[in-house]
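A quick write-up on the structure given underneath.
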Amino acid sequence: MNFKQFDAIIDVRSPAEYAADHIPGAISAPVLDDAERAEVGTLYKQVSPFDAKKIGASLIARNVASHVQHLFKDKPKSWHPLVYCWRGGKRSGAMAHILREIGWNAETLEGGYKAYRRWVVAQLQSLPSSLEFVVIHGPTGSGKSRLLGALKRVGAQALDLEDLAAHRGSVLGNLPGRPQPSQKMFDSLLLKELSALLPSKPVFVEGESKKIGELQVPDALMERMRASPCVVLETNVEVRVDLLLDEYRHFLADRRALEKQLDCLVALHGRERIAAWKSIDDWRELVARLLVEHYDPAYRRSSMRNFTQLPKAEKVRIAAADDSAFERAASAVIEDLIAA
């Protein structure tokens, strides 16, 4: 699907449908809001299709008029939008018809969102095989996400799965103020990122498990990553503590939230160890204990088993928890890649 040929993509589904997933960049311009859609659907099933269409037509006409007046009033005659709904039927057809009557070259997406979703799933199965990945490894707090950012700044291609998933991939990984997207929305955002990458250049990505928070990384991408060359960050515990205290500083202001998350580890570590962690008042000591007793053993169990080229990985030293250290590391990674 080539969306770049259009000046705008207009999603006319209800706000709830749009929130669950939509084509990235699409404008929400519902022709029926959530309550109106429910009302029309109930009439269709319980009374008659004729009565439902009669009410639906009046609501759609009113809502489209509002969008024309407020959302589209400044668009030039040359404006070329793509309109879609759930199946590419009446809702998108009604909007596009009115826009064309005004004089705009409005098109509808054949098959609607359902066709788009099938395309996303198919693309996520095939696209990863066309890309060359370099997987960044290292235990929790070693600075993998920071290195991805530094690599981007020096012009390398980087795919930040944790940013797309709004989660840092651990039991403490929820991001304050950023709920995770739905699985379908994550897939849409991921496909947008993958589609922008050049097959001729390596793509740096962090070594992830199959789940990031509540979201699943597509199988084809995981398989490609697990077979790819690796880079391992070597970061001492003191620097890792510095990095984690910065990344998880929201827990410093809400100790109860931290302890609630630690309770999720009772089945793995037992109540006695969880209680011991909770009793530590010094933040640096607590983070160091969590690294040594929880995160590092989990990393060793998972990474060596799942990433086949990890034993041959290039090693990169992270000397400090500042941007200059990561920029030097990014340059070193690129130089090693060129030399290889």
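The values are calculated or read from the model by the stated rules, or taken from the named source; none is laboratory data. Model, not experiment: these values are computed from the prediction. In this analysis, Cβ positions are derived from the backbone assuming ideal geometry, glycine residues included, and neighbour counts consider all displayed protein chains. Heads up: the accessible areas ignore ligands, DNA and RNA and are worked out on the full protein's heavy atoms, side chains in. Shrake-Rupley method; radii C 1.70, N 1.55, O 1.52, S 1.80 Å.
Brief remarks follow.
- Among the residues making up the range 1-20, those that are part of a loop (DSSP other than H, G, I, E, B) and either at positive phi or not charged (D, E, K, R) (or both) are MET1, ASN2, PHE3, GLN5, PHE6, VAL12, SER14.
- Sole residue being over 27 Å from the mean Cα position of the chain (by Cα) and open to solvent by 40 Å² or more (accessible area, probe 1.4 Å), chosen from LYS278, LYS260: LYS278
- Options SER182, SER195, SER228, SER200; residue that is of a type in the set (Ser, Thr, Tyr), over 22 Å from the mean Cα position of the chain (by Cα) and farther than 28 Å from ILE280 by Cβ: SER200
- TYR113 falls short on exactly one of the conditions (1) over 15 Å from the mean Cα position of the chain (by Cα); (2) open to solvent by 30 Å² or more (accessible area, probe 1.4 Å); (3) modelled with pLDDT of 95 or more, and that condition is (2).
- Count of residues meeting criterion [surrounded by fewer than 13 Cβ atoms within 10 Å (Cβ to Cβ), over 37 Å from the mean Cα position of the chain (by Cα) and either among the hydrophobic types (A, V, I, L, M, F, W, C) or part of a loop (DSSP other than H, G, I, E, B) (or both)] in the range 45-84: 3
- Inspection of the range 313-323 finds no residue satisfying the criterion of being assigned to a helix (DSSP H, G or I), surrounded by 14 or more Cβ atoms within 10 Å (Cβ to Cβ), among the charged types (D, E, K, R) and at pLDDT 90 or above.
- Yes/no for ARG100 being open to solvent by less than 70 Å² (accessible area, probe 1.4 Å) and among the charged types (D, E, K, R): no
- In the range 211-252, the residues that are under 22 Å from LEU175 (Cβ atoms), among the acidic types (Asp, Glu) and touching a strand residue (DSSP E or B) at 6+ places or on another chain (Cβ under 9 Å): GLU214
- SER126 satisfies every condition listed in (1) outside any helix (DSSP H, G or I); (2) over 18 Å from the mean Cα position of the chain (by Cα) except (1).
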